[in-house]
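Asks: Sharing a structure, written as structure tokens. Questions coming.
The values are calculated or read from the model by the stated rules, or taken from the named source; none is laboratory data. Remember, it's a predicted structure, so these values are computed and weren't measured experimentally. Positions of Cβ are backbone-derived with ideal geometry, glycine not excepted, and every protein chain shown enters the neighbour counts. SASA here: full protein model, heavy atoms, side chains in, ligands and nucleic acids out. Shrake-Rupley method; radii C 1.70, N 1.55, O 1.52, S 1.80 Å.
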Amino acid sequence: QKKLQGELEKYQQLQKELGRAVAARQKLETQLTENNIVQEELNLLDESNTIFKLLGPVLVKQDLEEAKSTVGKRLEYITGEMCVCFGVKNGDFGQKRGKNGEK
């Protein structure tokens, strides 16, 4: 009985950890998708377009190259976090996902 209770507790702990991991993955994938969309939109613009960045309640004018750089760095960071969270080495996250048949 005690052994069964111990195994049940281990199982419940693993379920909680799995739930947290799934939530973290969903959050990172959402952020990655949103930032990819922003990057695509920025690539459609040229220097004649005006770009604003939201800082608190204020919109501040931003340079196009600065905005592209910021989004690029954010994408690198998110991809790195996904690799860390899911145990993927050296930025192979996309390759691992492809092998597993995931979207």
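Asks: Could you check Lys2 against (1) of a type outside the set (Gly, Ala, Ser); (2) surrounded by 13 or more Cβ atoms within 10 Å (Cβ to Cβ); (3) modelled with pLDDT under 90 and say which number it fails?
Replies: Only one criterion in (1) of a type outside the set (Gly, Ala, Ser); (2) surrounded by 13 or more Cβ atoms within 10 Å (Cβ to Cβ); (3) modelled with pLDDT under 90 is unmet by Lys2, namely (2).
Asks: Ok, one more. Can you tell me which residue in the range 74-103 is modelled with the lowest pLDDT, limited to those that are over 12 Å from the mean Cα position of the chain (by Cα), more than 17 Å from Thr33 (Cβ to Cβ) and open to solvent by 100 Å² or more (accessible area, probe 1.4 Å)? Let's see the steps before the verdict.
Replies: Going residue by residue through the range 74-103, those that are over 12 Å from the mean Cα position of the chain (by Cα) are 87-92, 94-103.
This time we only want the ones that are more than 17 Å from Thr33 (Cβ to Cβ), so: 87-92, 95-96, 99-101.
Going one step further and asking which of them are open to solvent by 100 Å² or more (accessible area, probe 1.4 Å), we end up with 89-90, 95-96, 99-100.
Numbers: Lys89: 49, Asn90: 46, Gln95: 45, Lys96: 42, Lys99: 41, Asn100: 38.
Top of the filtered list is Asn100.
Asks: Then there is this: Given the conditions (1) part of a helix (DSSP H, G or I); (2) modelled with pLDDT of 95 or more; (3) open to solvent by 90 Å² or more (accessible area, probe 1.4 Å), which single one is not true for Ser69?
Replies: Here Ser69 clears every test but (3).
Asks: Scan the range 15-53 for residues that are β-branched (Val, Ile, Thr), surrounded by 10 or more Cβ atoms within 10 Å (Cβ to Cβ) and touching a strand residue (DSSP E or B) at 6+ places or on another chain (Cβ under 7 Å) and report the count.
Replies: Number satisfying all stated conditions: 1.
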